[in-house]
Structure formats: structure tokens, C-alpha cells
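Participant: A single structure is presented below for examination.
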Amino acid sequence: MNGTKVFNKEKIMQQNNTYVLIMAGGVGSRFWPKSRNHFPKQFIDILGTGQSLLQMTYARFLQICPKENIYILSNQDYKGLVMAQLDGIAASNILLEPSRNNTAPCIAYATYKILQQNPEANIVVAPSDHLILKETAFLDKITQALEYTSKNEALLTLGISPTRPDTGYGYIHFEQEAVAGVHEVNRFMEKPVLKKAKEYLASGDYLWNAGIFIWSAKSIQKAFQTHAPEIAKLFEQGNSVYNTSEELGFIQENYPNSPNISIDYAILEKATNVFTIPADIGWSDLGTWASLHEVLPKDASNNSKSTDHLHLEATSNCIIHLPSGKAAVIKGLDDFIIVDDEKVLLIYPKSSEQEIKSVAGAMVATYGKEYL
């Protein structure tokens, strides 16, 4: 009995020291026209489960730590959406950026705020709009990572074991030797051309970079001070006002002065204490319509569809996303994206989907911001 009590106490203490930052400020422009400025991808029930991607992510992390320790990092334009979708979340747990300055500044802001509450904090940073099919395996890897970073000055990332030579992801080159299942990272690689991606896959020395990070608050603070001192200096000025009524005013005034830079460029590509845990967790970043097509149920002709009100002839390998109750007749299409968001209709080859972001920009330039 005594051993059980000690274990439970230690487990509770670990949970109380664990904080989660859910990144929910992006626009998801590659999912245009379904994902638009006023209602981005993370707030959409894009899988047809009855939950948005943000809601699924939040529920997943409630198994890791108390809701009081989960912060949503988003843009001030989306406060109402976050409040509406996450029932019972405190307004103080929604950290709103007054300007879009990429991921490094918002992570720094949250880090310095948390340090004022709990210097022993251990932090998980995760996107709000990714799919995790193997949830138990994911939680096991996160727990393993948290245990490691609570004892070591390490910046740790979950690396996804690649299943194909994908050119849409960044890669992590890592050492094969491991200590307690943790591997040293040699370097982060940009999105490769197909030939290089095939080489990465064949070598077995590379993982996909999923953008899921684990570190102690002290470790990432030291990394900011060492590798991004301008960011550290800016947010250290707020140490006396974090978690007080003066915090909002400080952020509104000073946050826009932070550099526009990702956490990868600001810290991870410079630091020498970066590690990874290879993870088979059924992961997809759901970054494109084609990646969504891969994970959705499909009919005998490999079409995934959001409605049964369809008459399809000689149509295969398509993703068809229509408003509820809308009917369509489609004939003679293969490997196409068909998305009707009422305001915008997109019919586009899946093989050319990397062009969608620029196409959306052209639409806005021609017809106005209401289409973005």
C-alpha cells in the first residue's frame, strides 16, 4: 500500500509540473477554401467525427495534465472560436498574439509566463490540427519524453517514422545509438526533392519532423537566452507582470516588436542539445487535401466524400467535400479535389495541390479578401 501511495503522489506531482502549449493560430491556407481566415482548419470538423481538430487535440492532452495547465496559443481574432469550442476553458488559458510573428515568440511568451508560476515546469508544445491515430502509443511517447526532459537539459522532439518518401515534410537526421530510447539529433533537413526523400527513407537515418516538442521551461529559457537573445530580452521584461492584470497591456505593446521567426530557425537548428524519440503514432499533419484523402474512409473507387448525396460516374481517387445536404453529379474525374464551401468552389488536380495556396492568393488579389 505504501508503495502505491508513493507512486500515485509522484505521478500527481509529475502531472502538476507538466504544461501543454497547443498552437492554434494558423490559417491552414493549403486547405483553402474550407479553411479560411475567419474559420481556420483547426476549428473545422474536417474528419466528420463531430469534433474539430482543436477539440480532439485538447481532449488528448487532458490525459497528460490538468486543464489548468493547458494553454491555447492563438491569434486574438480567434478568441471567440476557442472559447466556443473548448467548454469550460478559462480565458486566462488562452494566450492571444496581437500580431502573427510565427512560433518562436508565442512559445517564448508562454514559457516566461509559466516560469513565473512554476520554475520546475516541463512543457509539451504541439500543433492543434494534426491527426494521431494511435493515441495510446502517442501518450506513452509523450510520457517517456517528459521523464527524460525532467532530468536532462534537453530539447526533445518526437520524430515520426517515415512510411513513404514524402516531399511535403521536413526531416530529422538522427544518430542510431540511443540512451533510454532517446537519440541525438544531427540536424534538421528542409523539405527535400523526391530523389533525396527516397534516399532518406532508404537509409533509415531520418524521421519526419512533426513539430511536437518537449522540454523543461528552464531548458528552453536557456536556449532562448543563448540562441535568440533578442526574444529572451523582450519577454524577460514582462517577468514582473505575467499572471497579473498588467500582462495583457504588456503583450499588446511589446509582442509586435518580436521577430517573425519559427522555433525551428530560432532555436532548434542552432542548439547542440537536441534529441528525438522515434514514434509510430499514426500521425498525419493533415496539411493538404491529399493527406486528408489518405486517412478518410473511401468507396470502391477510392473516393472519399463528406456526403451521400452524390451521383458518381467514371470518377475515382477523388476527395469530395460538400456542404451538408448538398447534392452533386460528377463524371469523368480522376485524382481530383472537389470542395464546395458555398462562397468558393474548388475543382483541382490532387497532383497540383501545392499550387492551391498561390491560387487562393490570386483569387484574393482579383476579387477581394472575402475569399481568403
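The values are calculated or read from the model by the stated rules, or taken from the named source; none is laboratory data. Owing to the predicted nature of the structure, the values given are computational and were not obtained by experimental measurement. Using ideal geometry, Cβ is built from the backbone for each residue, glycine included, and neighbour counts are taken over all protein chains shown.
Participant: Restricting to region 317-348, count the residues that are loosely packed, with under 14 Cβ neighbours inside 10 Å and either under 16 Å from Gly287 (Cα atoms) or among the hydroxyl-bearing types (Ser, Thr, Tyr) (or both).
Facilitator: Total meeting the criteria: 1.
Participant: I've got another one for you. Would you be able to say whether some residue in region 131-151 is surrounded by fewer than 22 Cβ atoms within 10 Å (Cβ to Cβ), more than 22 Å from Trp283 (Cβ to Cβ) and touching a residue at least 24 places away in the same chain (Cβ under 8 Å)?
Facilitator: There is at least one residue in region 131-151 that is surrounded by fewer than 22 Cβ atoms within 10 Å (Cβ to Cβ), more than 22 Å from Trp283 (Cβ to Cβ) and touching a residue at least 24 places away in the same chain (Cβ under 8 Å).
Participant: Let me ask something additional. I need a count of the residues in region 225-276 that are under 25 Å from Gln117 (Cα atoms) and free of Cβ contacts under 8 Å to residues at least 24 places away in the same chain.
Facilitator: 15
Participant: So, of the residues in region 288-301 that are surrounded by fewer than 18 Cβ atoms within 10 Å (Cβ to Cβ) and of a type outside the set (Ser, Thr, Tyr), which turns out to be farthest from the chain's Cα centre (by Cα)?
Facilitator: Looking at the filtered set, the residue picked out is Ala300.
Participant: Just wondering, is there one or more residues in region 277-291 that are in contact (Cβ under 8 Å) with a residue 12 or more places away in the chain, farther than 27 Å from Glu353 by Cβ and either in a loop (DSSP other than H, G, I, E, B) or in contact with a Ser or Thr (Cβ under 9 Å, 6 or more places away or on another chain) (or both)?
Facilitator: Within region 277-291, one or more residues are in contact (Cβ under 8 Å) with a residue 12 or more places away in the chain, farther than 27 Å from Glu353 by Cβ and either in a loop (DSSP other than H, G, I, E, B) or in contact with a Ser or Thr (Cβ under 9 Å, 6 or more places away or on another chain) (or both).
Participant: Could you tell me which residue of region 252-270 is surrounded by the most Cβ atoms within 10 Å (Cβ to Cβ), considering only residues that are of a type outside the set (S, T, N, Q) and in a loop (DSSP other than H, G, I, E, B)?
Facilitator: Looking at the filtered set, the residue picked out is Ile261.
Participant: Can you pull out the residues in region 115-130 that are buried (at least 16 other Cβ atoms within 10 Å of the Cβ) and either over 15 Å from the mean Cα position of the chain (by Cα) or farther than 22 Å from Tyr58 by Cβ (or both)?
Facilitator: Across region 115-130, the qualifying residues are Leu115, Gln116, Ala121, Asn122.
Yes or no, residue by residue, for (1) over 26 Å from Leu234 (Cα atoms); (2) of a type in the set (S, T, N, Q):
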position	(1), (2)
Ile94	no, no
Ala110	no, no
Lys113	no, no
Glu120	no, no
Lys134	yes, no
Thr167	yes, yes
His173	yes, no
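Participant: For the structure I just gave you, tell me whether Ile281 is buried (at least 18 other Cβ atoms within 10 Å of the Cβ), at pLDDT 95 or above, in contact with a Phe, Trp or Tyr (Cβ under 8 Å, 6 or more places away or on another chain) and closer than 30 Å to Val182 by Cα.
Facilitator: Considered against the rule, which asks whether it is buried (at least 18 other Cβ atoms within 10 Å of the Cβ), at pLDDT 95 or above, in contact with a Phe, Trp or Tyr (Cβ under 8 Å, 6 or more places away or on another chain) and closer than 30 Å to Val182 by Cα, Ile281 comes out as no.
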